[in-house]
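Undergrad: Mind having a look at this structure? Questions to follow.
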Amino acid sequence: MRTGKSDISGWLVRRASWHAWAVSCVVLCAHVVGVARASSAGGMDNAIVVRAARTWLAGGSPYADRHFLYLPSAVLAAAPQTLLPASALRVLVPLTVTVLLVAGWACALRIHGVPWRSRLGVLGPAGLALGFAPFGHLVSLGNWTVTAAAALPLALLLAARERWGWAGVVVGVALALKPLLAPVVLLFLFERRWRALAAVVLVPALASGGAALLMPDPAVFVTRTLPFLLRGHDRFVRLYEASPVAVLPRLGVPSWVAVPLAGAAAAAGVVAAYRRWSRGVPGPLRLVETAVLLMLSAFLVSRPSYDHYLLVVVPLLLAGLPYPGSAAREPWFWLALVPQVPGADWPWLEPVTRRSFRDCFTLCVLTASVALRRPRHLPLGGPDHLVAPRQERRATTG
């Protein structure tokens, strides 16, 4: 990879100064403090899970609340929060979400071989916090999507280092907390890692099965929660869903047309993911883009599908920016993110209930930009060797 003045790669991977560290820390800390001041119990979505855990500890069924949509194992995971006062949760929840997002970003960088102390590594979280609205939404809501946003980069990092078994365990734990990473199962099938695949399936199955035995009526998850998910929630929640399955009917497209269209797009995305895996050059870009395509394809048809789901895939793509052949170098990638810039006014889309139209645009264009891209043959070693000459000079003069 060339590092001339016309190439941004060299600048991105060089070590960040203390000024960059200060900017990133101030931005993230200010965001956490702002959310803590505005929230009363650590975010609306996290409060739903904590309330379900309190109901279970009181002897009731956590699925009495129809908005609790997680597996039984999530109830046990949320139980420790019931011991904390609301004043602690309002600070700890946004802080924990932010830390997990930064941890996922660090893993995404290492997949691509980018130093986490580089300018891209240090300024990346601040850029997402300032320029990517779903980041703020996820921290404000305290949604458990953050578990998937942290687990997927870690699992892909382990897979890139040929530790597929541990990658399967990580994905399995994430599924036990929130079954958002279920599409990644196909990646293990593509690679024929059967032991890792067994871990992906057994970990959440055993965790949820064991937790279900401790609950008064676990069958409600099958009889009430799953049908509720398949119907796409209630009318109010449906206004915030970003998948074409939910958005197209709001534009006047009949459901019997919208569902097959979204299903065909999702199937095409899965085919593109398989082609990317089977025909691509082995390396971090193939691994990341295959997993991202699988997730984006699922988001096209899943109910629900919210804007903060994008944080599961966008940081993974953005971390590959130093690679000349990465998806983040494509103009369509940045065009897809334009509607997610905070503070921008969009005619007729100002109400929060119409935000899903912008989110659907981002989801569809981002999927197409990754699926239709022709990957290049890249030099081995990733961008790490960009800083190698500098290290060699230090060794020579030391």
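The values are calculated or read from the model by the stated rules, or taken from the named source; none is laboratory data. Remember, it's a predicted structure, so these values are computed and weren't measured experimentally. When we count neighbours, we look across all protein chains shown, and the Cβ atoms used for this are built from the backbone with ideal geometry, even at glycine. Note: accessible area is taken over every heavy atom of the protein model, side chains too, but ligands, DNA and RNA are not part of it. Shrake-Rupley method; radii C 1.70, N 1.55, O 1.52, S 1.80 Å.
Undergrad: Being closer than 30 Å to VAL338 by Cβ and among the basic types (Lys, Arg) is the filter here; which residues of segment 121-178 pass it? Lay out the reasoning, then the answer.
TA: Of segment 121-178, the ones closer than 30 Å to VAL338 by Cβ are 121-157, 174, 178.
Scanning segment 121-178 gives a single hit, LYS178.
Undergrad: Can you find a residue that is among the hydroxyl-bearing types (Ser, Thr, Tyr) and over 21 Å from the mean Cα position of the chain (by Cα) anywhere in segment 263-275? Even if it seems obvious, please write down each step before you answer.
TA: Initial filter on segment 263-275 (among the hydroxyl-bearing types (Ser, Thr, Tyr)): 274.
Filter once more, keeping what is over 21 Å from the mean Cα position of the chain (by Cα): none.
No - not one qualifying residue is present in segment 263-275.
Undergrad: Follow-up question, since we're still on this one. Among the residues of segment 264-285, how many are open to solvent by 40 Å² or more (accessible area, probe 1.4 Å) and touching a residue at least 24 places away in the same chain (Cβ under 8 Å)? Outline the logic, then answer.
TA: Within segment 264-285, the subset open to solvent by 40 Å² or more (accessible area, probe 1.4 Å) is 264-265, 267-268, 270-271, 274-275, 278-279, 281-282.
Those still in the list that are touching a residue at least 24 places away in the same chain (Cβ under 8 Å) too: 265, 267-268, 270, 274, 278, 281.
The total comes to 7.
Undergrad: Find the residue count for segment 235-254, including only residues that are of a type in the set (S, T, N, Q) and over 16 Å from PHE299 (Cα atoms). It would help to see each step written out before you state the result.
TA: Of the residues in segment 235-254, the ones of a type in the set (S, T, N, Q) are 243.
Checking which are over 16 Å from PHE299 (Cα atoms) leaves us with none.
Count: 0.
Undergrad: Residue by residue through segment 286-316, note down the ones that are open to solvent by 30 Å² or more (accessible area, probe 1.4 Å) and of a type in the set (Phe, Trp, Tyr).
TA: Matches in segment 286-316: TYR306 only.
Undergrad: Quick one: ARG235 ticks every box in (1) open to solvent by 20 Å² or more (accessible area, probe 1.4 Å); (2) closer than 30 Å to ARG192 by Cα; (3) not small (Gly, Ala, Ser) except a single one, so which number is it?
TA: (2)
Undergrad: Considering only residues of segment 297-339 that are assigned to a loop (DSSP other than H, G, I, E, B) and within 15 Å of the chain's Cα centre (by Cα), which is modelled with the lowest pLDDT? Break it down stepwise before answering.
TA: The initial filter retains those residues of segment 297-339 that are assigned to a loop (DSSP other than H, G, I, E, B), namely 300-306, 313, 319-326, 330.
Among the residues that remain, those that are also within 15 Å of the chain's Cα centre (by Cα) are: 300, 302, 304-306, 313, 319.
Working: LEU300: 95, SER302: 88, PRO304: 83, SER305: 88, TYR306: 91, VAL313: 97, ALA319: 95.
My answer is PRO304.
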